[in-house]
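Visitor: What follows is a structure written as structure tokens; I'll ask about it next.
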Amino acid sequence: MAKIITLHRRVQIKRPVVIISLVILLIVLSFVAASGTMGSLETQIFKWMYFMSDGLRWYALAFTQFGNIWVCIGIIGVLFVVHKNPRLALLVMQNSIAVYLCVEILKFIVARPRPMLLLSDIYSREVAVFGYGFPSGHTALATVMSLTIIGSLNNRWRWLLLLWIGLVAWSRIYLGVHAPLDVIGGFIVGLVVVLLSQNTSLHKTIKR
């Protein structure tokens, strides 16, 4: 029991360090993204994913839906009605609103254009897309939703939530609407929001 308490305290001490490190990394990426260009490495990664087979388009369009607001509303509804876990549902709602606000603020400040405006011969494979690119809102929301509920799932299924984040991030690049730095930024924003939420009273009273 003493070992468990000691381990918990160590985790509590390390969490602020992790959060601060992530915020610093996000600031650095924001400055890079604000340059309005894509570096050679980022361009290579983007083109490698973007120029994958055209036959993947419908899969990407399906995967990318798991980072939109309607899926978030659906998850909140399931947690409320089916799983009878209103506190977890409220935490998902709280984190989703927080990540949305963070993403919109960063988009406004950084003002990075979408890949189709940064590179030639690139077009959007997604019809409805607007606004700036950094950070990716879909990736941020997918990260928040999956990492908020991950603790309530059996260990054998948790890898699916990580795959969820990865597929949404990949789909945003493949569809040509985000650059690699955009999805990395979105993931960091989502992760920071989840880590910060673990200090709230709502998180501490959730039924697992």
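The values are calculated or read from the model by the stated rules, or taken from the named source; none is laboratory data. Predicted, not measured: the structure shown is a model, and the values here were computed from it. Note that we place each Cβ from the backbone using ideal geometry, even for glycine, and neighbour counts take in every protein chain shown.
Visitor: Quick one: would you say SER96 is more than 20 Å from TRP170 (Cβ to Cβ), buried (at least 16 other Cβ atoms within 10 Å of the Cβ) and among the polar types (S, T, N, Q)?
Guide: yes
Visitor: Would you mind finding the one in MET116, MET52 that is surrounded by 12 or more Cβ atoms within 10 Å (Cβ to Cβ), of a type outside the set (Lys, Arg), over 19 Å from HIS138 (Cα atoms) and touching a Phe, Trp or Tyr at 6+ places or on another chain (Cβ under 7 Å)?
Guide: MET52
Visitor: Go through (1) assigned to a helix (DSSP H, G or I); (2) over 25 Å from SER53 (Cα atoms); (3) modelled with pLDDT of 95 or more one by one and return the number of the condition ILE149 breaks.
Guide: (3)
Visitor: Of all residues being touching a residue at least 40 places away in the same chain (Cβ under 8 Å) and part of a loop (DSSP other than H, G, I, E, B) in the stretch 127-143, which is surrounded by the fewest Cβ atoms within 10 Å (Cβ to Cβ)? Just the residue, please.
Guide: VAL129
Visitor: Here are VAL168, VAL144: which of them is within 11 Å of the chain's Cα centre (by Cα) and closer than 22 Å to ASN85 by Cα?
Guide: Checking each option against the conditions leaves just VAL144.
Visitor: Name the residue, out of SER21, SER40, that is farther than 30 Å from TYR123 by Cβ and either touching a Pro at 6+ places or on another chain (Cβ under 9 Å) or modelled with pLDDT of 90 or more (or both).
Guide: Only one candidate qualifies: SER21.
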